[in-house]
Amino acid sequence: MMERPRVMVNCALTVDGRLANPDFSPLEISCIEDKKYVHMLRASHDAIMVGVDTVIHDDPSLLVKKEYFKSDKNPIRVIIDSKGRSPKNARVFDGMAQTIVITAEECKEEFPNATVIRAGRGRVDLAKALQFLKKEGISSVLVEGGGKIIYSILRAQLFDRFRVYIGPMVLGAGPTIRAVGDSGGESSASTDKYIPIRLRLCDVQRIGNGVALVFEPENNNG
Ligand SMILES: NC(=O)c1ccc[n+]([C@@H]2O[C@H](COP(=O)([O-])OP(=O)(O)OC[C@H]3O[C@@H](n4cnc5c(N)ncnc54)[C@H](OP(=O)(O)O)[C@@H]3O)[C@@H](O)[C@H]2O)c1
């Protein structure tokens with residue numbers, strides 16, 4: 001089996017399992033205590049990974065913000081972007097930390113202040129992408145969303161820990177459900193989405209006015 005870095009997935013959900021507003025705009029789910037914890041997590045990982053749609057909708061800097069956690073370390077920012085759709089003026093290209101964009105092999109796009117690597121045909125092959133990062137000396141990756149990348153990582157069992165912060169809010173019905181589990185056109189058999197990804201609960205923490213649940217894959221023997 002090819003080696004990959006340790007992978008922790010982290011996200012914030014509403015009580016009804018939403019990651020964002022129905023129009024994809026960011027939803028303030030995390031309390032200040034959770035934000036501090038997430039910035040500590042960032043500082044303790046070699047890289048932070050997000051999908052291109054999170055870059056498009058949230059434009060995150062993915063830096064360790066001093067207001068939340070004092071650290072000199074900014075992990076490498078990794079964007080999963082098969083077709084090179086990331087806006088060139090996105091904050092991840094501000095040169096404040098190293099950035100790697102992982103595209104499909106056919107993609108010819110280049111980005112400012114970023115290294116482009118290619119893994120997979122048509123769509124980024126996440127297993128290959130993680131193996132590449134390991135070869136580059138990256139030992140730990142924090143996956144911060146969005147729902148499609150999280151789903152693909154969970155479905156392919158490419159993770160060691162899955163932390164979910166549940167904030168005290170319910171979004172209710174909306175035209176688009178933005179829960180973890182949206183495959184986003186994953187090419188695997190459509191029936192896959194009805195097969196549960198089984199998890200084992202490792203930890204429960206009350207954080208501010210919400211709760212954090214930490215899981216590992218059910219079949220984790222490590
Ligand atoms: N609450 C939270 O913790 C949190 C965290 C982050 C984001 N968000 C929210 O999540 C939303 C964005 O999430 P999203 O699910 O729409 O998108 P996403 O996961 O950020 O990005 C998905 C895109 O990544 C690309 N991709 C490439 N290879 C992939 C693969 N193997 N598997 C899956 N995707 C792959 C696909 O585009 P290509 O085919 O073009 O490559 C896909 O459309 C935003 O509304 C944001 O506000 C919430």
For this session: Tell me the label-point distance for the pair R200, T115, using the 7 Å Cα-to-Cβ offset, in nm and rounded to one decimal.
Result: 3.5
For this session: Give me the distance in nm between label points sitting 7 Å out from Cα along the Cα-to-Cβ direction at M96 and R6, one decimal.
Result: 2.7
Problem set entry | Amide H partners (placed H, <5 Å) of F215, local residues excluded | F162, R163, V164, C202
Exercise. Lys pairs in region 6-217, Cα-Cα under 21 Å, at least 8 apart or on separate chains: how many?
Worked result: 18
For this session: Sum -39500 (n - 2.57) across every DSSP H segment of at least 4 residues in the chain, then divide by the residue count to get the 222 nm mean residue ellipticity, nearest 500.
Result: -5000 deg cm²/dmol
For this session: Calculate how many DSSP beta bridges within region 1-156 are antiparallel, expressed in % of all such bridges and rounded to the nearest 5.
Result: 5
Exercise. In nanometres, what is the gap between the two model label sites at Q131 and R85, each 7 Å from Cα along Cα-to-Cβ?
Worked result: 2.7
Exercise. When the chain is modelled as a GNM with alpha-carbon springs shorter than 10 Å, which of R198, R42, R123 fluctuates the most?
Worked result: R198
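Since every read-out is calculated from the coordinates, none of them should be taken as a lab result. All values reported here derive from a predicted model rather than from experimental measurement. Note that we place each Cβ from the backbone using ideal geometry, even for glycine, and neighbour counts take in every protein chain shown.
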